[in-house]
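The values are calculated or read from the model by the stated rules, or taken from the named source; none is laboratory data. Model, not experiment: these values are computed from the prediction. We place every Cβ from the backbone using ideal geometry, glycine too, and count neighbours over all the protein chains shown. Each accessible area value is taken on the protein alone, full model and side chains, heavy atoms only, with ligands, DNA and RNA left out. Shrake-Rupley method; radii C 1.70, N 1.55, O 1.52, S 1.80 Å.
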Amino acid sequence: MGKQIVYSPKVLTSPNPHSQATLAGNHFYTATVALDVEGKVVGVGDIEAQTVQALTNLTHLLEAAGGTIDDVARVMIYLSDMRYFQGMNNAYKKFFFGDCLPSRATVTGTFGIPELLVEFDVIAYIDNPKVS
């Protein structure tokens, strides 16, 4: 099985030159932010709302690939400012908990859209991905 593009109609299709997500064999790769399907920032100034939107987008993409949030193996979290760490963590725990916690790291960075506070760069392993 080669590389294939993953698409969900519930997630914004970027005008930039990248896919929503990709599958390479059983490996799933994506990065998600707090944009709705129309491209508007959700939760301007609210790290918990932005975390929920970004991770909801992730959930939609995983489902489109035949996976679930429990398939996530690695999360790299980019925050615009470390003062958002606790608020991000509060919302993050609504998606990742129990025995399926992925490894993760958190760093600060800047984003092309100044209102964005967080981005998630995700790798998952999906046992039985949907093949198109």
Legend entry - segment 77-119: number of residues that are touching a Phe, Trp or Tyr at 6+ places or on another chain (Cβ under 8 Å) and either outside any loop (DSSP other than H, G, I, E, B) or under 16 Å from Thr59 (Cβ atoms) (or both): 9
Inset, instruction - Identify the single condition in (1) open to solvent by 10 Å² or more (accessible area, probe 1.4 Å); (2) under 21 Å from Pro9 (Cα atoms); (3) in contact with a His (Cβ under 8 Å, 6 or more places away or on another chain) that Tyr125 does not satisfy, given that it satisfies every other one. - result: (2)
Inset, instruction - Output yes when any residue across segment 89-105 is of a type in the set (Phe, Trp, Tyr) and closer than 14 Å to Gly45 by Cα, and no when none is. - result: no
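Any idea which residue in segment 1-51 is surrounded by the fewest Cβ atoms within 10 Å (Cβ to Cβ), counting only those that are of a type in the set (Lys, Arg) and assigned to a loop (DSSP other than H, G, I, E, B)?
Narrowing segment 1-51 to residues of a type in the set (Lys, Arg): 3, 10, 40.
The next check asks that each one be assigned to a loop (DSSP other than H, G, I, E, B); those that pass are 10, 40.
Working: Lys10: 15, Lys40: 11.
Checked segment 1-51; the qualifying residue surrounded by the fewest Cβ atoms within 10 Å (Cβ to Cβ) is Lys40.
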Inset, instruction - Search segment 24-53 for residues that are at positive phi and pair each with any residue that is modelled with pLDDT of 95 or more and not aliphatic (A, V, I, L, M) when their beta-carbon atoms are under 6 Å apart and the residues are at least 6 apart or on different chains. - result: Gly43/Gln50
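Do you know which residues across segment 54-107 are on the phi < 0 side of the Ramachandran plot and free of Cβ contacts under 8 Å to residues at least 12 places away in the same chain? Let's see the steps before the verdict.
Residues of segment 54-107 on the phi < 0 side of the Ramachandran plot: 54-65, 67-97, 99-107.
Passing the criteria: Thr56, Thr68, Arg83, Gln86, Asn89, Lys93, Phe97, Asp99, Leu101.
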Inset, instruction - Mind counting the residues in segment 69-117 that are at pLDDT below 95, of a type in the set (Gly, Ala, Ser) and open to solvent by 30 Å² or more (accessible area, probe 1.4 Å)? - result: 2
Inset, instruction - Using the structure shown, decide if Ile123 is under 23 Å from Gly2 (Cα atoms), aliphatic (A, V, I, L, M) and part of a strand (DSSP E or B). - result: yes
